[in-house]
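Encoded as structure tokens, the structure appears first; notes follow it.
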Ligand code: F6R
């Protein structure tokens with residue numbers, strides 16, 4: 001979603017620095033971008049709709065700037081247009097602002113501004129911020145910022161410039177914001193991934209704090225204007241792991257990294273033993289487990305709930321975060337709430353975490369981005385160790401979520417009467433991409449069909465859900481995922497000779513039932529692709545069998561999704577779409 005860069009330097013050349021770093025935020029998704037550069041006492045503002053390269057073309061002047069702010073916008077309030085693109089200026093042209101998040105009381109603030117004879121030019125909630133700043137009297141700009149933030153309801157990360165000062169004024173509530181400093185420059189960013197080249201350390205601005213950033217120092221204040229001391233974090237390998245290398249697309253790179261990610265998790269959890277680091281009492285007296293996430297992470301929650309219930313015999317259930325938040329959940333100190341998120345910033349998941357905490361639950365985060373808000377707020381964190389994920393379509397992070405949740409379930413089983421003993425080294429031997437070249441043929445079947453279905457039972461049904469999400473999000477093909485047993489209860493009426501049905505079968509005990517579902521589909525004219533790692537599947541009704549590599553049934557759910565990740569990617573390429581940046585979607589959904 002939206003991204004912020006602010007840059008201030010003793011050296012000229014800031015506009016190039018800003019654009020270079022703004023491009024590193026492209027992966028988060030955006031529909032327009034803009035920059036405000038300060039020279040003398042005037043702002044130079046340029047905006048464009050679409051790719052950042054469009055904005056870059058408008059910067060055809062000498063780069064003798066020392067200070068500027070910029071933004072990638074993912075439209076929330078107001079359509080995609082130049083008028084609504086950030087930065088926004090105050091009516092008197094003294095203030096410029098870029099903003100991530102949503103100002104919820106924006107209508108009230110607009111009404112108030114009308115009474116002060118301020119007419120807003122855009123349809124955005126953001127413009128109210130600079131309008132309020134401009135209304136306040138006096139010279140102490142950091143105090144003014146403090147005053148304005150008390151008027152704002154909602155979530156925000158903001159970066160402001162005043163035309164007469166080489167200073168970046170920043171503030172945040174719920175939305176993340178970071179500041180880095182070296183000998184010559186300071187940079188403000190909504191994502192530390194941007195700091196890798198020029199900075200060795202950075203500071204996470206604490207929630208509900210504001211800061212005054214000059215080229216020499218960063219002063220942070222809390223709501224009561226007390227100075228706050230913030231400790232620096234190293235720019236680590238995670239922030240530097242976003243290089244595309246030899247690949248054409250991040251989606252391809254990230255799928256190919258799955259075996260490496262599995263290896264990293266197994267060795268990291270062996271060396272660090274994250275479970276030993278957790279206080280012994282934390283897992284005691286847990287009566288139920290709730291796993292909460294969105295999209296792909298929600299599918300990992302469903303799978304994690306199965307693992308925990310099967311291995312540790314504790315009642316466990318997966319929840320969609322946006323539903324969980326409004327469901328009046330029954331939670332107390334004997335409930336373990338697990339929040340699963342690649343980005344660690346998903347608004348609904350974060351707000352669900354706050355709800356669970358307020359009800360006294362034990363909270364555990366399974367997250368990929370180590371410095372994220374969810375990682376910071378949960379009682380305990382289990383890292384995904386997947387390295388940075390750039391493509392909007394989540395792939396390697398999903399496999400990592402499943403493995404970490406399985407390690408957690410195995411650990412929890414130690415407190416039960418049937419401790420599990422799983423040989424995870426099998427994951428080091430399996431061929432993750434066995435026969436993937438054959439998927440090209442299946443891609444052709446998908447492209448010839450009018451309707452696509454994914455069915456399975458148990459863990460394979462969850463795989464069907466995730467397989468459907470992968471295909472629809474990057475190919476825009478409408479598809480349906482349902483449990484095989486539900487076919488007869490409605491969805492079978494959709495099946496005809498233009499339908500393609502993927503039957504996923506990895507459980508020998510359920511194979512016969514899956515085969516009979518296949519026959520029902522065939523009888524209605526549908527084509528069937530069986531995706532399995534079981535031997536000797538005999539069924540005349542199946543049109544195509546794709547075999548992925550054999551592995552112990554306890555571990556097959558970690559790899560059974562891979563053929564579908566590859567299928568989505570290959571189909572997307574054949575259709576000529578971008579696998580990394582699907583339309584309408586953002587990598588990190590930081591608003592509700
Ligand atoms: C799908 C996808 C989304 C995310 C969801 C949650 O490929 O990427 O469904 O899984 O938006 O995001 P995180 O895991 O960052 O909380």
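The values are calculated or read from the model by the stated rules, or taken from the named source; none is laboratory data. Quick caveat: nothing in here was measured; it's all calculated off a predicted structure. Here Cβ is always computed from backbone atoms with ideal geometry, including for glycine, and neighbour counts include all displayed protein chains.
Scan 128, 149, 194, 124 and give me the residue that is within 27 Å of residue 344 (Cβ to Cβ), under 30 Å from the mean Cα position of the chain (by Cα) and either assigned to a loop (DSSP other than H, G, I, E, B) or without any contact (Cβ under 8 Å) to a residue 60 or more places away in the chain (or both). It is 124.
Identify the single condition in (1) within 27 Å of the chain's Cα centre (by Cα); (2) over 26 Å from residue 145 (Cα atoms); (3) modelled with pLDDT under 95 that residue 64 does not satisfy, given that it satisfies every other one. Failing condition for residue 64: (1). Is region 450-470 home to any residue that is at negative phi, loosely packed, with under 15 Cβ neighbours inside 10 Å and touching a residue at least 60 places away in the same chain (Cβ under 8 Å)? Within region 450-470, none of the residues are at negative phi, loosely packed, with under 15 Cβ neighbours inside 10 Å and touching a residue at least 60 places away in the same chain (Cβ under 8 Å). Only residues that are in contact with a helix residue (DSSP H, G or I) (Cβ under 8 Å, 6 or more places away or on another chain), under 20 Å from residue 186 (Cβ atoms) and part of a loop (DSSP other than H, G, I, E, B) were counted across region 62-86, and they come to 3. Restricting attention to region 91-117, the residues that are in a loop (DSSP other than H, G, I, E, B), closer than 29 Å to residue 7 by Cβ and in contact with a helix residue (DSSP H, G or I) (Cβ under 8 Å, 6 or more places away or on another chain) total 3. Only one entry of 401, 393 meets the criterion of being within 15 Å of the ligand (Cβ to nearest atom) and either in contact with a strand residue (DSSP E or B) (Cβ under 7 Å, 6 or more places away or on another chain) or closer than 17 Å to residue 305 by Cβ (or both), and that entry is 401. Scanning region 307-334 for residues that are more than 16 Å from the ligand (Cβ to nearest atom), surrounded by fewer than 20 Cβ atoms within 10 Å (Cβ to Cβ) and touching a residue at least 24 places away in the same chain (Cβ under 8 Å) returns 310, 313, 314, 315, 317, 329, 332, 333, 334. What residue, among those in region 564-592 that are in contact with a strand residue (DSSP E or B) (Cβ under 8 Å, 6 or more places away or on another chain) and more than 18 Å from residue 400 (Cβ to Cβ), is nearest to the ligand (Cβ to nearest atom)? Per the stated criteria, the residue is 590. Condition first: more than 30 Å from residue 174 (Cβ to Cβ), at pLDDT 95 or above and within 16 Å of the ligand (Cβ to nearest atom). Can you find one or more residues in region 554-561 that meet it? The answer is yes; a qualifying residue exists. A single member of 498, 522 is surrounded by fewer than 18 Cβ atoms within 10 Å (Cβ to Cβ) and on the phi < 0 side of the Ramachandran plot, and it is 498. Considering only region 210-241, state which residues are in contact with a helix residue (DSSP H, G or I) (Cβ under 9 Å, 6 or more places away or on another chain), part of a strand (DSSP E or B) and either closer than 24 Å to residue 67 by Cβ or free of Cβ contacts under 8 Å to residues at least 12 places away in the same chain (or both). Answer for region 210-241, where residues must be in contact with a helix residue (DSSP H, G or I) (Cβ under 9 Å, 6 or more places away or on another chain), part of a strand (DSSP E or B) and either closer than 24 Å to residue 67 by Cβ or free of Cβ contacts under 8 Å to residues at least 12 places away in the same chain (or both): 210, 211, 212, 219, 221.
Of note, residue 409 satisfies the criterion of being modelled with pLDDT of 95 or more and surrounded by 23 or more Cβ atoms within 10 Å (Cβ to Cβ). For region 1-39, filtered to residues that are at pLDDT below 90 and assigned to a helix (DSSP H, G or I), the residue that is farthest from residue 159 (Cα to Cα) is 27. Reported count of residues in region 337-353, each being near the ligand (Cβ under 7 Å from one of its atoms) and surrounded by fewer than 24 Cβ atoms within 10 Å (Cβ to Cβ), is 0. Here residue 56 does not qualify as surrounded by fewer than 23 Cβ atoms within 10 Å (Cβ to Cβ), in contact with a helix residue (DSSP H, G or I) (Cβ under 8 Å, 6 or more places away or on another chain) and under 21 Å from residue 585 (Cα atoms).
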